C-alpha cells in the first residue's frame, strides 16, 4: 500500500535549498566583510556571557591550583625541616665526638704513661645509682683489672677499683668518705693526707699542725709516698683553712680538680 504523503521529494528539495544557501554564504564571505562584522558583533555580545559562565570554573581552577601549590610548599617545608634537624643532630654528634677525642688525647698524653701499663675504660651509666660516691666502668677481670687499680683522667685523680667482675668494675671515688690519699703542696716538701668528705662537699684534712704553712689557693698534687698513685699528679686546690681551737689543729678543705658529672672516660693504671 502506498503512502498518502510521500516525504522523499520534500527532503530532496530541502537539501538542494541548503546547498544553494551555503554556497551563497561562502561566496559572500569570500568577497565581502559582511559576515566578519556579524561575527565580531556576536562575539562582543557573547563575551560577557561567556566570561560570566566561565567564572565559576576559573575560580574553582584557581582555588585548586592554590591548594595544590600550598600542599607542595608544605611538603617541601617539612622535608627541609627534617633535613635541617638531621644535619643539626649530626653536627651535635660530631661536636660531641670532637670533645671526646680531645679528652682522650689529653688522657693518652699524660707523661707517666710510658712506664705504666694502662687501659682506657668508659663509664657505665646507671639510672638509679645505689651510691653517688661510686661509679662503674666497662673493664673487669678479663682485662686484668683487679681491686686496688688506680683510676684517673686528664683532670685529676678519680679513685680506686674496689671490686671487679668479668666485664665491669666498681670505682671508689676520691670524694668518698672511705677514701684517703697522700698529697703534697706543689713545689714544696709539705705532705699530708686528705680524705673524702662526700661528693657534694670539699675534700678534708684534719689534725694538721699549725706549724705547717698552708694557704688558700695552694695546689695539691699526689706525693707518691704510697707508691701507688703517680707522683705529682694534680688533686685539687686548697679552698679553706680553719683552726680548731678545741684540738689546736688546722682543718684544710680542698676543692678537687675532678668534675664527677663530666666523667666519661678514665684511665686505669694496672698493678704490676
Please state which one of 217, 232 is in the same structural domain as residue 194 (by TED's automatic domain parsing), out of contact with any helix residue (DSSP H, G or I) (no Cβ under 9 Å at 6 or more places or on another chain) and on the phi > 0 side of the Ramachandran plot. 217
Filtering segment 217-271 down to residues that are more than 20 Å from residue 187 (Cα to Cα), within 36 Å of the chain's Cα centre (by Cα) and not in a loop (DSSP other than H, G, I, E, B) yields 260, 261, 262, 265, 266, 267, 268, 269
Please go through (1) over 23 Å from residue 195 (Cα atoms); (2) surrounded by 15 or more Cβ atoms within 10 Å (Cβ to Cβ); (3) at pLDDT 85 or above for residue 118 and return the number of the only condition it doesn't satisfy. (3)
Condition met for residue 164 (free of Cβ contacts under 8 Å to residues at least 60 places away in the same chain, under 24 Å from residue 100 (Cα atoms), touching a strand residue (DSSP E or B) at 6+ places or on another chain (Cβ under 9 Å) and buried (at least 16 other Cβ atoms within 10 Å of the Cβ)): no
Got at least one residue in segment 62-70 being surrounded by 11 or more Cβ atoms within 10 Å (Cβ to Cβ), part of a helix (DSSP H, G or I) and modelled with pLDDT of 85 or more? no
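Let's see how each residue does on (1) surrounded by 18 or more Cβ atoms within 10 Å (Cβ to Cβ); (2) in contact (Cβ under 8 Å) with a residue 24 or more places away in the chain; (3) under 16 Å from residue 156 (Cα atoms):
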| position | (1), (2), (3) |
| --- | --- |
| 218 | yes, yes, yes |
| 237 | no, no, yes |
| 251 | no, yes, no |
| 258 | yes, yes, yes |
| 268 | yes, yes, yes |
When segment 182-216 is examined, which residues are found to be within 43 Å of the chain's Cα centre (by Cα) and surrounded by fewer than 15 Cβ atoms within 10 Å (Cβ to Cβ)? 186, 187, 198, 200, 201, 215, 216
Out of 178, 189, which single residue is in the same structural domain as residue 124 (by TED's automatic domain parsing) and more than 18 Å from residue 133 (Cα to Cα)? 189
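The values are calculated or read from the model by the stated rules, or taken from the named source; none is laboratory data. Note that the coordinates shown come from a computational prediction; the quantities given were computed from them, not determined experimentally. Note: ideal-geometry Cβ built from the backbone for every residue, glycine included; neighbour counts use all protein chains shown.
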